[in-house]
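Down below is the structure, laid out as C-alpha cells.
The values are calculated or read from the model by the stated rules, or taken from the named source; none is laboratory data. What you see is a predicted model; the values in this text were computed from it and never measured. Methodologically, a virtual Cβ is constructed for each residue, glycine included, from the backbone with ideal geometry; neighbour enumeration extends over all protein chains shown. Please note that ligands, DNA and RNA were not included when accessible areas were found on the heavy atoms of the full protein model with its side chains. Shrake-Rupley method; radii C 1.70, N 1.55, O 1.52, S 1.80 Å.
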Amino acid sequence: MSIGNLIGALPGGIAQGIIWGIMALGVYITFRLLDVADLTVDGTFTTGGATCVMLILAGWNPWLAMLIAFLAGMAAGACTGLLHTKLGIPTILAGILTQFSLYSINLAIMGMAANKAVSVDKYALVVTSRVIPPTIAIGAAIAAVLIAVMYWYFGTEAGSAMRATGCNPTMARAQGINIDRMTVLGLAFSNGIVAFSGALMAQLQGFSDINMGRGSIVIGLAAVIIGEVIGNALCGRHLNFAGRLVFVVLGGVIYYIVVTIVLWLKLDSNWLKMFTAIIVAIFLAVPYLQAKKRNSFARAGRNAARFQKEDK
C-alpha cells in the first residue's frame, strides 16, 4: 500500500464517480422530486449499456447510440409508470416487475449473450478507461449540460407541475394537474438518464454485462444522500436547486473515491456492498439526527431531565 498507487488510482475512481453521479441525477428525480421508490434503474442501467454497445458494434455513431439508449431507458421507465397509474400497481412493485422483465430483454438485446465487448482500438468511443483525463472532462461536460437542462426544465410550467405532483399529489390534482401523466413522464425521464449513464459506463469499461446494473439503486441513493448532506453542510439555506444537482454528481464522485480508498487498503471486496449499505444508512441518518437535535421539544425534554438530575 503506497500513496503513489492511491494517487494513480484516484483519477479512474473520479471518472467512474462522475458517470455514477449522472445516474444519480436520474435517481434524484424519482427519489426526491416524485417521492416514489423506483427499482427499475437496476434494469435500465444495463439496458442503456447493452443498447449502446450493440449499436456501436453495428457501426452506429457512439453519440447516436447513447441517444437511442436514452430513449430505450425512457420506454422502460414509462412501462413502470403505466403499470402504476393504469393498473394500480404500487410503484415499488411496478419497478420490480419492469426490472425483472428487463433481464430477459437485455439478454435479447445482446443476442442472448451475457456480455458483449467493444474495443476502443476498433471504435471511436466517447469515453474510455485508456485515457482518463479526457474521460473526466467529457463526463463533467455531459453532467453540466444535464444539470443545465434539468434546472431549466423543472423551472418551466410542466416541470413545476411534476415537482408539485411529488410534493402534494392531492393539491396538484386540485390545481388541474394530470398527476398520472406527470408520474409516467417523470419515471420515463429518470430512467432515460439512468440508461444514458449505463451507455457511458459500458464504453468506459469496454463491455456491457447482464449484471452491470445490479445494485445501481443503492449507489444512486448513496450519491444523492452524500451530495445532499455535504451540500447542506457547506451551503445551508443558500443551496438552490442547481446547487443540489451539482452536489448529487459530486456525491457520486465522493462515493467512488471512498471505494477506491477501500480497494487501496486491500480490504476484501466481497464486503463492499455491505460497506456501501452502511455508508448510505449513515448519511440517511445524519439529517434526521440533526433535525432531532435542533427540535425545541426534544431540547426542552433534555434540559428538564438534566435539571431534575441536578435537583436530586
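Tabulated values for the structure
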item	result
Conditions (1) open to solvent by 60 Å² or more (accessible area, probe 1.4 Å); (2) in a helix (DSSP H, G or I); number of the one not met by Ala69	(1)
Hits in the range 130-154 - residues which are part of a loop (DSSP other than H, G, I, E, B) and more than 21 Å from the chain's Cα centre (by Cα)	Arg130, Val131
Output for the range 1-52, where each listed residue is surrounded by 24 or more Cβ atoms within 10 Å (Cβ to Cβ) and not in a helix (DSSP H, G or I)	Leu34, Asp38, Thr40
Arg214 vs. criteria basic (Lys, Arg) and either in contact with a Gly (Cβ under 7 Å, 6 or more places away or on another chain) or at pLDDT 95 or above (or both)	no
Candidate set from the range 142-165 (those that are without any contact (Cβ under 8 Å) to a residue 24 or more places away in the chain and closer than 12 Å to Leu33 by Cα); member that is surrounded by the fewest Cβ atoms within 10 Å (Cβ to Cβ)	Ser160
Given (1) among the aliphatic types (A, V, I, L, M); (2) at pLDDT 90 or above; (3) out of contact with any Phe, Trp or Tyr (no Cβ under 8 Å at 6 or more places or on another chain), index of the condition Met162 fails	(3)
Selection count, the range 185-200, where residues are closer than 22 Å to Ala124 by Cβ and open to solvent by 10 Å² or more (accessible area, probe 1.4 Å)	1
Conditions (1) of a type outside the set (Ser, Thr, Tyr); (2) open to solvent by 40 Å² or more (accessible area, probe 1.4 Å); (3) part of a helix (DSSP H, G or I): number failed by Ala222	(2)
Pairs with Cβ under 7 Å, 6+ apart, first in the range 179-194 and farther than 24 Å from Ile19 by Cα, second small (Gly, Ala, Ser)	Ile179/Ala172; Met182/Ala161; Thr183/Gly81; Val184/Ala78; Val184/Gly81
Pairs where the first residue, in the range 255-276, is over 23 Å from Ala24 (Cβ atoms) and of a type in the set (A, V, I, L, M) and the second is open to solvent by 30 Å² or more (accessible area, probe 1.4 Å) and not in a helix (DSSP H, G or I), C-beta under 7 Å, 6+ apart	Leu265/Met1
Members of the range 83-114 that are part of a helix (DSSP H, G or I) and of a type in the set (A, V, I, L, M)	Leu83, Ile92, Leu93, Ala94, Ile96, Leu97, Leu102, Ile105, Leu107, Ala108, Ile109
